[in-house]
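Everything on this sheet refers to the single structure shown next.
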Amino acid sequence: MDKPSPPVAPAQPARTPSPELQARRDMHWRKTRRLTAILLLVWLLTGFLTVFYARELLHLNLFGWPLPFYMAAQGASLVYLAIIAFYAWRMRRLDRDFHTEEQA
């Protein structure tokens with residue numbers, strides 16, 4: 001025996017956001033991409049330039065250790081943690097501001 005098919009809900013028309021809401025979404029996305037690009041650049045510079053210019057930076061000391069050694073051993077990890085913390089803090093603010101404007 002054939003099972004009866006479940007009732008089908010009427011199709012909801014796709015809601016297109018208003019131009020004002022779409023403009024705010026585009027601005028939010030642009031700010032998010034810009035922040036991500038800047039922090040990725042900082043990450044790249046921290047990881048690459050310190051190693052690339054290690055010989056030129058040997059004369060700089062930090063707490064008695066040569067700067068390239070310190071950056072390789074501790075500094076890069078601290079910079080990465082700072083990047084993550086800053087990204088989380090800034091994105092929380094951006095999202096909160098966007099959703100506040102969206103609700104208004």
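The single residue among 81, 44, 67 that is out of contact with any Lys or Arg (no Cβ under 6 Å at 6 or more places or on another chain), modelled with pLDDT under 80 and either polar (S, T, N, Q) or farther than 30 Å from residue 17 by Cβ (or both) turns out to be 67. Within region 59-81, can one find any residue that is surrounded by 10 or more Cβ atoms within 10 Å (Cβ to Cβ), within 17 Å of the chain's Cα centre (by Cα) and touching a residue at least 12 places away in the same chain (Cβ under 8 Å)? Yes, the conditions are met somewhere in region 59-81. Selection of region 36-46 for residues being in contact (Cβ under 8 Å) with a residue 12 or more places away in the chain and either over 22 Å from residue 89 (Cβ atoms) or under 16 Å from the mean Cα position of the chain (by Cα) (or both) yields 36, 39, 42, 43. Of all the criteria given as (1) part of a helix (DSSP H, G or I); (2) touching a Pro at 6+ places or on another chain (Cβ under 9 Å); (3) free of Cβ contacts under 8 Å to residues at least 12 places away in the same chain, the one not satisfied by residue 51 is (3).
The single condition among (1) among the basic types (Lys, Arg); (2) at pLDDT 75 or above; (3) loosely packed, with under 13 Cβ neighbours inside 10 Å that residue 90 does not satisfy is (3). Taking the criterion of being assigned to a loop (DSSP other than H, G, I, E, B) and either surrounded by 12 or more Cβ atoms within 10 Å (Cβ to Cβ) or of a type in the set (D, E, K, R) (or both), the only residue of region 13-28 that qualifies is 15.
In summary, residue 31 fulfils each of the numbered conditions (1) among the basic types (Lys, Arg); (2) free of Cβ contacts under 8 Å to residues at least 60 places away in the same chain; (3) in a helix (DSSP H, G or I) with the single exception of condition (2).
All of (1) out of contact with any helix residue (DSSP H, G or I) (no Cβ under 9 Å at 6 or more places or on another chain); (2) surrounded by 13 or more Cβ atoms within 10 Å (Cβ to Cβ) hold for residue 8 with one exception: (2).
Residues in region 93-104 that are surrounded by fewer than 13 Cβ atoms within 10 Å (Cβ to Cβ) and at pLDDT 75 or above: 93, 95, 96, 99, 100.
The values are calculated or read from the model by the stated rules, or taken from the named source; none is laboratory data. This structure is a prediction, so every number in the text was calculated from the model and none was measured. FYI the Cβ positions are ideal-geometry reconstructions off the backbone, even for glycines, and counts take in every protein chain you see.
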